[in-house]
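Trainee: To start, I am sharing the structure in question, which I have written as C-alpha cells.
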Amino acid sequence: MDTYAKRFSDRPGGFTRIIPIGNRKGDNAPMAMIEILNTDEPQAEVSFSYLVRSLASMQIESETKIVDAALNPKMNDTAVYADKRLFKKALQQQRTKEKFAIKIQKAIKNMQMSTEQLQEIVDSDVARAQKILDRHSGKKIQRFVKETWPENTPSML
C-alpha cells in the first residue's frame, strides 16, 4: 500500500481506469479490467498498449504509416451516396474516426511524445506482428494476430 501512496501522493484522484473487455462466454456477464495507473511509466498502461495495437492493426491492413492519417481523418468529399441511410452511415464513420483521433492526441499529450515517436512505437509493434506471421502460417495464427491486435472499430479503415 505504501508504494501506491507514494506514487499518487501529488494526484488528487483518478488512480484507476476501468476498461470494458466484453462479455464472458457462457453466461454473457459483462467483464472489465481495472488498471491501476502507472505515473512512473505511462507506456506500461493498458490503454496506451491497446491504442498502439489498434494503430498497428490498422497499419497492417492499410500497409501505410497510420499515425498521421488517424490524427487527421478526412471524409471523402467526392463520394456520392445513393440514399440518406448511406450518408448517415458515412457521417457516423467519420465521427468514429474523429473520436479516435482525439484519443490519439490525448495519448500523445499524456505521454509527452511526438507523433514521430508514436509512429516508431507502432512500427515496432507491426514488425513484431509481421515476424510472428512470417514464422507461422495458417488460420490459427491469423486468429491469434486478430485477437492480439484488435481493431478499435471495424469502420476505421
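So that you can scan it fast, the table gives a plain yes or no per residue for (1) closer than 16 Å to ASP125 by Cβ; (2) out of contact with any helix residue (DSSP H, G or I) (no Cβ under 9 Å at 6 or more places or on another chain); (3) open to solvent by less than 50 Å² (accessible area, probe 1.4 Å); (4) without any contact (Cβ under 8 Å) to a residue 12 or more places away in the chain:
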residue: ALA56; (1), (2), (3), (4): yes, no, yes, no
residue: ILE66; (1), (2), (3), (4): yes, no, yes, no
residue: LYS74; (1), (2), (3), (4): no, no, no, yes
residue: ASP77; (1), (2), (3), (4): no, yes, no, yes
residue: ASP83; (1), (2), (3), (4): no, yes, no, yes
residue: PHE87; (1), (2), (3), (4): no, yes, no, yes
residue: ILE104; (1), (2), (3), (4): yes, no, yes, no
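Trainee: Among the numbered conditions (1) closer than 26 Å to LYS146 by Cβ; (2) at pLDDT 85 or above, tell me where SER47 comes up short.
Mentor: (2)
Trainee: Yes or no: ASN28 under 28 Å from LYS146 (Cβ atoms) and at pLDDT below 70? Break it down into steps so the answer makes sense when it comes.
Mentor: On the way: under 28 Å from LYS146 (Cβ atoms): yes; at pLDDT below 70: no.
No; evaluated as a whole, the condition is false for this residue.
Trainee: Right, next: Among the residues of the stretch 125-132, is any among the basic types (Lys, Arg), open to solvent by 50 Å² or more (accessible area, probe 1.4 Å) and modelled with pLDDT under 80? Break it down into steps so the answer makes sense when it comes.
Mentor: Residues of the stretch 125-132 among the basic types (Lys, Arg): 128, 131.
Now narrow it down to the ones that are open to solvent by 50 Å² or more (accessible area, probe 1.4 Å): 128, 131.
The next check asks that each one be modelled with pLDDT under 80; those that pass are 131.
Yes; the residues of the stretch 125-132 include at least one that is among the basic types (Lys, Arg), open to solvent by 50 Å² or more (accessible area, probe 1.4 Å) and modelled with pLDDT under 80.
Trainee: Just give me the residues in the stretch 50-104 being among the polar types (S, T, N, Q) and within 12 Å of the chain's Cα centre (by Cα), in sequence order. Explain how you work it out, then say what you get.
Mentor: Initial filter on the stretch 50-104 (among the polar types (S, T, N, Q)): 54, 57, 59, 62, 64, 72, 76, 78, 92-94, 96.
SER54, SER57, GLN59 - these are the residues of the stretch 50-104 that are among the polar types (S, T, N, Q) and within 12 Å of the chain's Cα centre (by Cα).
Trainee: Ok, one more. Residues of the stretch 70-103 being among the β-branched types (Val, Ile, Thr), within 15 Å of LEU51 (Cβ to Cβ) and modelled with pLDDT under 85, which ones?
Mentor: none
Trainee: Determine the pairs where a residue that is within 13 Å of SER47 (Cβ to Cβ) and in contact (Cβ under 8 Å) with a residue 40 or more places away in the chain, located within the stretch 11-33, has a partner that is aromatic (Phe, Trp, Tyr) and part of a loop (DSSP other than H, G, I, E, B) with Cβ atoms under 7 Å apart, the partner being 6 or more residues away or on another chain.
Mentor: Listed by first residue and then by second, the contacts come to nothing, as the list is empty.
Trainee: Could you pull out the residue among SER114, SER57, SER124, SER49 that is touching an Asp or Glu at 6+ places or on another chain (Cβ under 8 Å) and of a type in the set (Gly, Ala, Ser)? Let's see the steps before the verdict.
Mentor: Details: SER114 fails: touching an Asp or Glu at 6+ places or on another chain (Cβ under 8 Å); SER124 fails: touching an Asp or Glu at 6+ places or on another chain (Cβ under 8 Å); SER49 fails: touching an Asp or Glu at 6+ places or on another chain (Cβ under 8 Å).
Checking each option against the conditions leaves just SER57.
Trainee: Quick one: would you say ILE121 is at pLDDT below 80 and not polar (S, T, N, Q)?
Mentor: When the stated conditions are applied, ILE121 does not pass them.
The values are calculated or read from the model by the stated rules, or taken from the named source; none is laboratory data. Note that this is a predicted model, so its numbers are computed, not measured. Positions of Cβ are generated from backbone atoms using ideal geometry, with glycine treated the same way; all protein chains shown enter the neighbour counts. Just so you know, the surface numbers come from the protein's heavy atoms only, side chains and all, with ligands and any DNA or RNA stripped out. Shrake-Rupley method; radii C 1.70, N 1.55, O 1.52, S 1.80 Å.
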